[in-house]
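Before any comments, here is the structure.
No value in this document is a laboratory result; all are computed from the given coordinates. Since the model is a prediction, treat every value here as computed from it, not as a measurement. Cβ atoms come from the backbone with ideal geometry, glycine included; neighbour counts cover every protein chain shown.
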Amino acid sequence: MGLKESLIRPKPVCILLKLKDTSKDWYASNLALACGSTYVHTAKLLKEYRKANLVTTEVKGRLKKVKLTEKGTLLAGALNDLMPKLEEKEEEKKTA
């Protein structure tokens, strides 16, 4: 297990980073598919994110569209900046 995986759980981070892409409508089902997670796990994480005011949901018929809040956008941006730095550290260890 690398530094990135030990510090940050990949699937929750993936969900936040996918939600940063506003060119697509995101729902729990397509987020789960995009991140290689189960629907149940993704729905549970989204519930936690709603409680933490990181995401909002908008009901459209039977679907719940998920969007990042301002706080969620800031966190996703910080994670987006952090992930390459953690990958660089892993590569440095491999070459050393």
Per-q log10 I(q)/I(0), segment 3-95, q = 0.13, 0.16, 0.19, 0.22 Å⁻¹ (Debye; single scatterer per alpha-carbon; no solvent): -0.45, -0.65, -0.87, -1.11
Using θ = phi - 60° and Karplus 6.51 cos²θ - 1.76 cosθ + 1.60, couplings along segment 15-30 (whole Hz; Gly, Pro as x): 4, 5, 5, 5, 5, 5, 7, 8, 6, 10, 7, 10, 10, 4, 5, 6
Using a Förster distance of 22 Å, the FRET efficiency for Leu33-Glu58 (Cβ separation, nearest 0.05): 0.65
Contour excess over end-to-end distance, with Cα ends at Val40 and Glu88 and 0.36 nm allotted per residue: 14.0 nm
